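The values are calculated or read from the model by the stated rules, or taken from the named source; none is laboratory data. Everything numeric in this text was worked out from a predicted model, so none of it was measured. Here the Cβ is made from the backbone with ideal geometry for all residues, glycine too, and neighbour counts use every protein chain on show.
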Amino acid sequence: MRPPSRRLPLIAILATLAIFGCSRQEPQKGGESKVTRLPDVLSYAEPTVGKSDTLVNTIAPALSPWMILWRHAYSGFQPDSLIRFGVAPMFRGGPVQPLRELYPPSKEHQSAFRILSARSPDGRYDLIFDSYLCVEADGDKVDISGEPESAPALLDLRRKTAKRFDGFGGVNWGAWASPTRFVLTGTQYEGRNMGIRGWVQVYSLRDSTVTTYVTRPLHSSRAAAYRSAWESWVAMRYHATKQVASRS
């Protein structure tokens, strides 16, 4: 059975914004109505890492494609705009499985495994950004669907094992910064002021830790701009891989 579309939570949030954000204000006495525009970046008092975080400086080149997408929601975003959230043991939840239980994927997941993944520089690992996602053609459009929760997976092609683990939130993108370090990124909604944050998790296979960074919160209306940019990127990857497959 095809997983439910992950677009529904965003649609529901934007519908809520439309209800509360488009209400008509009565004019003030003695003049025109005063409309207060919500800021794109909500003013939570949290220190950013600045230029001094060596880990952020190391992974910045690998993060470049994601930063281009995130700037559709957060104009002028730079790696030093991140906020350090903390360090924890990685790969919480879920056992190590034989590779054959997860790969090759079922037909409905083949496109997502192919285009939403990254091979480690030494060729040993394949990082699947979200093993629950499906990417399929729907006429002229590309449809993206999946479970409400994300499930990244790390395939060890040398040992023939697979590890599916919990995502921090909605996982959208990933990359390798070195043969033993990879990053995953995505978004997470906040309760305060209907906010949304971007997040970056840095996984180290060398010491089995994951370091989490978050962005300053944005107003949830900015989620649509990021989502649109991400969907366009997925569609571009989908069509590119289809063209390569048709020529081979």
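Does LEU184 qualify as being hydrophobic (A, V, I, L, M, F, W, C), outside any loop (DSSP other than H, G, I, E, B), at negative phi and within 12 Å of the chain's Cα centre (by Cα)? Yes, satisfied.
Restricting attention to the stretch 94-129, the residues being more than 19 Å from LEU184 (Cβ to Cβ) and touching a Cys at 6+ places or on another chain (Cβ under 8 Å) number 2.
Within the stretch 148-205, being buried (at least 19 other Cβ atoms within 10 Å of the Cβ), closer than 24 Å to ALA235 by Cα and of a type in the set (D, E, K, R) holds for one residue alone: ARG197. Selection over the stretch 79-128 of residues that are among the small types (Gly, Ala, Ser) and farther than 26 Å from SER232 by Cα gives a count of 5. For the stretch 43-80, the set of residues classified as hydrophobic (A, V, I, L, M, F, W, C), under 25 Å from MET194 (Cβ atoms), in contact with a strand residue (DSSP E or B) (Cβ under 7 Å, 6 or more places away or on another chain) and part of a loop (DSSP other than H, G, I, E, B) consists of ALA73 only. Taking the condition of being of a type in the set (Ser, Thr, Tyr), at pLDDT 90 or above and under 20 Å from GLY169 (Cβ atoms), how many residues in the stretch 31-86 meet it? Of the residues in that region, 3 qualify.
If only residues of the stretch 103-124 that are in contact with a Lys or Arg (Cβ under 7 Å, 6 or more places away or on another chain) and either in contact (Cβ under 8 Å) with a residue 60 or more places away in the chain or among the hydrophobic types (A, V, I, L, M, F, W, C) (or both) are counted, the one that is farthest from VAL183 (Cα to Cα) is GLU108.
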